[in-house]
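Q: For reference, the structure I am asking about is given below.
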Amino acid sequence: MEGKSSLPERKNMKFFFHFLSARTRRLDLAVRRMLEKRGRKNGRERKEQEIEGDLKSAMAKSDTDKPLRKIAEAFIELAATINSETADVEVAPFSHACSLVSPLIGCLGIAFKFAEMDYVAKVDDLAVASKSIMTLQALIDHDIEGNCVREVGSHTRYLSRVKRGLDVVRVLFEQIIATEGDSIKDPVSKAYAQVLAPHHGWAIRKAVAAGMYALPTKEQLLKKLNEDEASAIIQLQKYITASASVIAYIDKLFISRELGIDW
């Protein structure tokens, strides 16, 4: 009868569906195994990528967590420009190098909190000025033309104060290297007395003297800077040498324009 399958046909159909179902199950199983294998492979690859990423991140973090090295490298680059005598020092890299010193001043605690705030504000001013003024020479000449060199708020005045901050750090580093023991009170006191105290009034000098009792030890300071003493001395000396060239260069700019350097 039409529309009805014969018994052999029904058996064949049943066998076909059974075969198809079995093949489907085997294919599904093969696919699952393939996906699992691929998943394990991808998982291993992701894990390897994560490990590689973590390693790169750790290496990058290690570099960024070495402020002394960043400071030394930045000032070595500035000194190289000065010593080449082929290019003027640009305001942008100068202000960037100076900004790296800010955390170091902050590590000295309450005694230098005022100095840190004052220094940061003046470095920020130079950074803003760098957007329209290319070199330190041009910056000074701009204020000379405007007859505002010594006025509060002038870029040249701020440059002289930033230079003073660089100098106090230079002397501090010299004293730390030369002084034995774990206390940095004597190095800090000498650096302050030599560079900053002559320009500060009685109230500020008194506040700094009181804050000397809250200074970190040398060990604590180096721990904050993520250095041991041996590696720190190398970086301190690099900054001392490089910053001396930068400070002398700024003094030369002031003297050549008969502005004086002690104001």
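The values are calculated or read from the model by the stated rules, or taken from the named source; none is laboratory data. Nothing here was measured: the structure is a model prediction, and the numbers come from that model. Every residue, glycine as well, gets a Cβ built from its backbone with ideal geometry; the counts of neighbours run over all protein chains shown. The protein model used for the area step is the full one, side chains on, heavy atoms only, and it has no ligands, DNA or RNA in it. Shrake-Rupley method; radii C 1.70, N 1.55, O 1.52, S 1.80 Å.
Q: So, with +1 on the Cβ of K and R and -1 on the Cβ of D and E, and no other charges, what is the size of the charge dipole of segment 86-156 about its Cα centre, to the nearest 20 debye?
A: Details: 4 positive and 10 negative charges, 52 e Å.
In total the dipole reaches around 260 debye.
Q: Mind checking the full-extension length gain between GLU258 and GLU180? Use 0.36 nm per residue of separation minus the Cα-Cα distance, one decimal, nm. Could the numbers behind the result be given before it?
A: Details: separation 78, 0.36 × 78 = 28.08 nm, distance 4.09 nm.
Gain on extension, GLU258 to GLU180, equals 24.0 nm.
Q: Just want the answer: with Cβ charges of +1 for Lys and Arg and -1 for Asp and Glu, which residue in ALA203, VAL169, LEU215 is farthest toward the dipole's positive end in segment 159-223?
A: Ranked along the dipole, the leading option is ALA203.
Q: Skipping prolines and chain starts, which residues have an amide H placed within reach, meaning under 5 Å, of the one on THR135, given they are 5 or more residues away or on another chain?
A: Amide H to amide H, under 5 Å and 5 or more residues apart or across chains, THR135 pairs with VAL91.
Q: Between GLU151 and MET134, what is 0.36 nm times their sequence separation minus the Cα-Cα distance? Round to one decimal in nm.
A: Values: separation 17, 0.36 × 17 = 6.12 nm, distance 2.12 nm.
Extra length available between GLU151 and MET134 comes to 4.0 nm.
Q: Rounded to whole Å, give me the distance from the Cα center of segment 157-183 to that of segment 191-231.
A: Between the Cα centres of segment 157-183 and segment 191-231 lies a distance of 9 Å.
Q: Please tell me the relative contact order of segment 134-228 in percent, rounded to the nearest whole number, where contacts are Cα pairs under 8 Å and at least six residues apart.
A: Values: 54 pairs, mean separation 19.4, N = 95.
Once normalised by length, the contact order is 20 percent.
Q: Follow-up question, since we're still on this one. How big is the gap, in Å, between the Cα center of segment 64-86 and the Cα center of segment 111-148?
A: If you average the Cα positions of each part, the centres end up 19 Å apart.
Q: Then there's this: Of CYS107, CYS98, which has the most accessible area and how do the rest follow, probe 1.4 Å?
A: Values: CYS107 20, CYS98 0 Å².
Final ranking, largest accessible area leading: CYS107, CYS98.
Q: What is the percent carbon and sulfur in the accessible area of segment 139-224, measuring with a 1.4 Å probe over the protein chains and ignoring ligands? If you can, show how the numbers build up before the last one.
A: Working: 2310 of 4480 Å².
After summing per-atom areas, the C and S share lands at 52 percent.
Q: Taking a 31 Å limit on the Cα-Cα distance, which of the listed pairs LYS224/LYS252; LYS131/LYS224; LYS163/LYS218 fall beyond it? If you can, show how the numbers build up before the last one.
A: On the way: LYS224/LYS252 35 Å; LYS131/LYS224 33 Å; LYS163/LYS218 25 Å.
Distance filter (> 31 Å) returns LYS224/LYS252; LYS131/LYS224.
Q: With only Lys, Arg, Asp and Glu charged, each at its Cβ (+1 for the first two, -1 for the last two), find how big the charge dipole of segment 124-219 is about the Cα centre; round to the nearest 20 debye. Mind showing how you got there, number by number?
A: Numbers: 12 positive and 12 negative charges, 55 e Å.
Value, rounded to 20: 260 debye.
Q: Between LYS113 and GLU219, what FRET efficiency comes out of the Förster formula 1/(1 + (r/R0)^6) with R0 = 22 Å and r the beta carbon distance, rounded to 0.05? Before the final figure, lay out each step's value.
A: Details: r = 21 Å, r/R0 = 0.97.
Using R0 = 22 Å, I get an efficiency of 0.55.
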